[in-house]
């Protein structure tokens, strides 16, 4: 159990680092989008704070940080959207991928929070859920601010179907999106 917990928390820690980096990447790639960079600055700071909280939890429990494992889930999500020559299209697609990742993180954290017998972990993950829901909604809202609502809704619905098929294969490992 402790090995699985160290694996899960390590994966969570790296997911937070990647999320913060992704937020900063939006800022660097779309500096002309003032609304986006303002939101991504705040988002990156929140994700960095989550990184610190997970790291503190691991250190307090004397859990050894495991090696980062490349996420088959994220790799699969990125394959859904074809790279375009249209920057706005690529931006919207990236926002939808980020929204999906945040939504599934929220679900996993909620399940973990409800089913763990460890009270500290239950409270820890329960407290993160609100942020994750907010992040999911933020990315979806931003996508709709850059492209027509009906186009984004159609993309999102098709993306949900694609993701659901892949999700049926997962749930067997001690990873946030595994």
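Things worth noting here:
- Panel order for 99, 48, by other beta carbons found within 10 Å of each beta carbon, from fewest to most: 48, 99.
- The Cα trace of segment 1-69 gives Rg and Dmax of 14.4, 47 Å, the first to one decimal, the second as a whole number.
- Each Cα pair under 8 Å and six or more residues apart adds its separation to the average, and for segment 2-167 the resulting relative contact order is 21 percent.
- Ranked list, fewest to most other Cβ atoms within 10 Å of each Cβ, for 101, 161: 161, 101
- Gyration tensor verdict on segment 77-178 (Cα atoms; rounded if a/c is under 1.5, prolate if a/b is larger than b/c, oblate otherwise): prolate
- Axis angle, to the nearest 10 degrees, between helix 119-146 and the longest C-alpha principal axis of the chain: 10 degrees.
- For peptides 31-44, 107-120, sequence by mean Cβ density within 10 Å, most packed first: 31-44, 107-120
- A helix-only calculation puts the chain at -27000 deg cm²/dmol for mean residue ellipticity at 222 nm, using -39500 (n - 2.57) for each DSSP H run of at least four residues, averaged over all residues.
- In a fully extended conformation the segment linking residue 88 and residue 64 would gain 4.5 nm over its present Cα-Cα distance, using 0.36 nm per residue.
- Efficiency of FRET from Cβ geometry, residue 45 and residue 154, R₀ 25 Å, rounded to 0.05: 0.15
- Using alpha-carbon coordinates, inclination of helix 2-29 to the longest axis of the chain, degrees: 30 degrees
- Shape category assigned to segment 33-129 from the gyration tensor of Cα positions, a/c cut at 1.5: prolate
- Principal-axis tilt of helix 149-167 within the chain, Cα atoms, nearest 10 degrees: 40 degrees
- Computed FRET value (nearest 0.05) for residue 78 with residue 116, which takes r as the C-beta separation and R₀ as 41 Å: 0.85
Every number here is computed from the coordinates shown, using simple stated rules; none is lab data. Being a predicted model, the structure only gives us computed values, none of them experimental. Counting neighbours? That spans all protein chains shown, and the Cβs are built from the backbone with ideal geometry, glycine included.
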